[in-house]
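Written out below as structure tokens is the structure these notes cover.
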Amino acid sequence: MSFTMKRISYLLPLSLTAALLAPSAVFAQVAAPQLQIITPSDGQTIYGNRVPILFAVQNFNIVEKASANPSGTEGYILIWLDDKNPTADTATKVMADSFTYSDVAYGDHTLKAELVTPDNKPLSPDQTVTVNFKNAPITSPTPAATEGFDKNTTLVILVVVALVIVAAWWYTREEDEEEVASQSKSPTRTNRGKKPKSTSKGKKTSKPKKKR
């Protein structure tokens, strides 16, 4: 019984110490700085020679100069594009959560980013991210597709014109038939009821008398 009580009294402080240290370790792990590259994502294809970069930074303040009481959670981002031997001297300093490369050659690329302190020292543990992506020229419609579109458009226009011509011919034809039918149904004029003109045939004409 005494041995059990001694064992309990020995383990109890250790348990309490572990319980007190566990939240601190979890808090330290959650509060550690984190860096992510949102765009471009790994394996993404970007069209054009401009490459926009978007970062996600957590638990880290982006500043150019260290504050009066540096805490190890402030600094800026260093990035490298297609740099096989990246150093602080060859890096591009980024003071925001976004950056854009211009006139990037088409092809495969490797982008590396790292959080550093204001004096260009890596964090502990370091926060480095690398993604591979490629960019390609903006494509335009192929000539074959354009020609096919023109042919289809021309065919539709011809069909519409033909339908308009046929409809106009049919309309005028019906008008002509109606006019002929109305003329055939109207009564014709005759000379009935008119007196024949008198002629001078068979009548004797009196000669004028001569004066003596």
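The values are calculated or read from the model by the stated rules, or taken from the named source; none is laboratory data. Quantities reported herein were computed from a predicted structural model and do not represent experimental measurements. Methodologically, a virtual Cβ is constructed for each residue, glycine included, from the backbone with ideal geometry; neighbour enumeration extends over all protein chains shown.
Thr39 satisfies every condition listed in (1) touching a residue at least 24 places away in the same chain (Cβ under 8 Å); (2) of a type outside the set (D, E, K, R); (3) surrounded by 12 or more Cβ atoms within 10 Å (Cβ to Cβ) except (1). Go through the residues of segment 121-128 one by one and say whether even a single one is modelled with pLDDT of 95 or more and either part of a strand (DSSP E or B) or of a type outside the set (Lys, Arg) (or both). Within segment 121-128 (the criterion being modelled with pLDDT of 95 or more and either part of a strand (DSSP E or B) or of a type outside the set (Lys, Arg) (or both)), the answer is yes, since at least one residue qualifies.
Looking only at segment 132-143, decide whether some residue is in a helix (DSSP H, G or I) and modelled with pLDDT under 95. The answer is yes; a qualifying residue exists.
One residue stands out in segment 74-118 among those that are part of a loop (DSSP other than H, G, I, E, B) and small (Gly, Ala, Ser): the one that is nearest to Asn132 (Cα to Cα), namely Ala105. The sole residue among Gly48, Gly43 that is of a type in the set (Gly, Ala, Ser), closer than 30 Å to Ser140 by Cβ, out of contact with any Phe, Trp or Tyr (no Cβ under 8 Å at 6 or more places or on another chain) and at pLDDT 95 or above is Gly48.
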